[in-house]
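Engineer: Below is a structure I'd like to ask you about.
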Amino acid sequence: AADRAAQDDDRVTIDFVGRLDGEPFDGGTADDFQFVIGEGRMLSDFENGVRGKASGETVTFPVAFPEDYSAAELAGKTAEFEVTVKAVEQPRLPEVDDEFAKTLGVADGSLETMRADIRANLEREVRQRLRARTKNSVMEALRGAVEFELPKALVSGERDALIERAKADMQARGMKVDDLPIPDDMFVDQAEQRVRLGLIVAEIVKNESLSAKPDQLRAMIEEFAQAYENPAEVVRHYFSSRERLGEIEAMVIEQNVVDWVLENAQVEDESLAFDELMSGG
């Protein structure tokens, strides 16, 4: 409603002018500015000043900036804001019906189809997350199962690859890495663990004939493809590239090793809440 008093979760549109010692300051003025009350995007004094006000109201209130505020010229100071509320919009959930299904791109516009799609997507996500957690647990167990001397050349090569990967990641984040000192021993432990696991897995694959079979490759690719709008195109995408197919092959082999370990080791099932699984905890 036009006279609705702004409250948490409402989106407000405002004009404001901020002043220090009676004078406007840079960045303290805006027109048609929008924010949602209660999200914490604005300082609490500002939110409290707008909360409870309706469209058409103009209010003036103090806002205390924290000592560690990002703008040094405002840090620790108190400004006065004059705010005019231009609109208050209440969030409203849509009706869950066939029309809602159509807005989500459900082909036949059916609510039942939408629910079936959501269920299928959730079940697929749960399977993949459970598989990933189980794989991590198995690989961690394998890593600590056998002690043996590692080839120095393999460890050195893996360490160098990890360093290059770290540099590439930092460079992608906009950091200059040319002169960045990275100690040679920084990634040694991680490299040793990766080499050890790689050798153990390779030996299991060879001794137990766990190489990826063509039907396994297609099954995994088709499972991935179901998450996309055009599954057939995704399948063609994978099969058209030896590199992409190699990535899937490595995943299938890992899964074969996991399945073999679970069949031949003492396993304890662990109950896991849905929220914990989906949050990655």
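The values are calculated or read from the model by the stated rules, or taken from the named source; none is laboratory data. Just so it is clear, the structure is predicted and the values come from calculations on it, not from any experiment. All Cβ positions, even for glycine, are placed from backbone atoms using ideal geometry, and neighbour counts span all protein chains on display. Ligands, DNA and RNA are excluded from the accessible area calculation, which covers all protein heavy atoms including side chains. Shrake-Rupley method; radii C 1.70, N 1.55, O 1.52, S 1.80 Å.
Engineer: Does any residue of region 258-271 turn out to be surrounded by 10 or more Cβ atoms within 10 Å (Cβ to Cβ), within 25 Å of the chain's Cα centre (by Cα) and of a type in the set (A, V, I, L, M)?
Structural biologist: no
Engineer: Name, by its number, the condition in (1) without any contact (Cβ under 8 Å) to a residue 60 or more places away in the chain; (2) open to solvent by less than 60 Å² (accessible area, probe 1.4 Å) that does not hold for THR134.
Structural biologist: THR134 satisfies every listed condition except (1).
Engineer: Looking at region 57-79 only, could you name the residues that are under 30 Å from ARG4 (Cβ atoms), of a type outside the set (Phe, Trp, Tyr) and in a loop (DSSP other than H, G, I, E, B)?
Structural biologist: Of region 57-79, the ones under 30 Å from ARG4 (Cβ atoms) are 57-65, 78-79.
Checking the rest, the ones that are also of a type outside the set (Phe, Trp, Tyr) come to 57-60, 62-64, 78-79.
Of everything in region 57-79, just one residue is under 30 Å from ARG4 (Cβ atoms), of a type outside the set (Phe, Trp, Tyr) and in a loop (DSSP other than H, G, I, E, B), namely GLU57.
Engineer: Would you mention how many residues in region 1-56 are open to solvent by less than 50 Å² (accessible area, probe 1.4 Å), touching a residue at least 24 places away in the same chain (Cβ under 8 Å), of a type outside the set (S, T, N, Q) and part of a strand (DSSP E or B)?
Structural biologist: Residues meeting the conditions: 11.
Engineer: Go through (1) modelled with pLDDT of 95 or more; (2) assigned to a helix (DSSP H, G or I) for LEU210 and report which single condition fails.
Structural biologist: Status for LEU210: all satisfied but (2).
Engineer: To continue, here is another question. Any chance you could count how many residues in region 168-198 are closer than 26 Å to ASN136 by Cβ and not acidic (Asp, Glu)?
Structural biologist: Qualifying residue count for the region: 15.
Engineer: Do the conditions hold for GLU223, that is, is it part of a helix (DSSP H, G or I) and closer than 18 Å to GLU125 by Cα?
Structural biologist: When the stated conditions are applied, GLU223 passes them.
Engineer: Go through ALA101, ALA75 for me and flag whichever is modelled with pLDDT under 95, in contact with an Asp or Glu (Cβ under 9 Å, 6 or more places away or on another chain), under 30 Å from ASN121 (Cα atoms) and of a type in the set (A, V, I, L, M, F, W, C). Give the steps one after another, and end with the answer.
Structural biologist: Values: ALA75 fails: under 30 Å from ASN121 (Cα atoms).
Going through ALA101, ALA75 in turn, just one is modelled with pLDDT under 95, in contact with an Asp or Glu (Cβ under 9 Å, 6 or more places away or on another chain), under 30 Å from ASN121 (Cα atoms) and of a type in the set (A, V, I, L, M, F, W, C): ALA101.
Engineer: Read through the list (1) assigned to a loop (DSSP other than H, G, I, E, B); (2) under 30 Å from ILE118 (Cα atoms), then give the number of the only condition that PRO183 fails.
Structural biologist: (2)
Engineer: Could you go through region 217-225 and let me know if any residue there is of a type in the set (A, V, I, L, M), closer than 30 Å to GLN171 by Cβ and out of contact with any Leu (no Cβ under 7 Å at 6 or more places or on another chain).
Structural biologist: no
Engineer: In region 139-162, which residue that is of a type in the set (Lys, Arg) and over 21 Å from VAL261 (Cβ atoms) is most open to solvent (accessible area, probe 1.4 Å)?
Structural biologist: LYS152
Engineer: Could I ask something else about it? Given the options GLU82, GLU112, GLU123, GLU99, name the one that is touching a residue at least 24 places away in the same chain (Cβ under 8 Å) and not in a loop (DSSP other than H, G, I, E, B).
Structural biologist: When all the criteria are applied, what remains is GLU82.
Engineer: Could you identify the single residue in GLU263, GLU276 that is out of contact with any strand residue (DSSP E or B) (no Cβ under 7 Å at 6 or more places or on another chain) and over 30 Å from MET114 (Cα atoms)?
Structural biologist: GLU263
Engineer: Moving on to the next point. Please pick out the residue among ARG196, ARG119 that is basic (Lys, Arg), farther than 22 Å from GLU243 by Cβ and in contact with a Lys or Arg (Cβ under 8 Å, 6 or more places away or on another chain).
Structural biologist: Only one candidate qualifies: ARG196.
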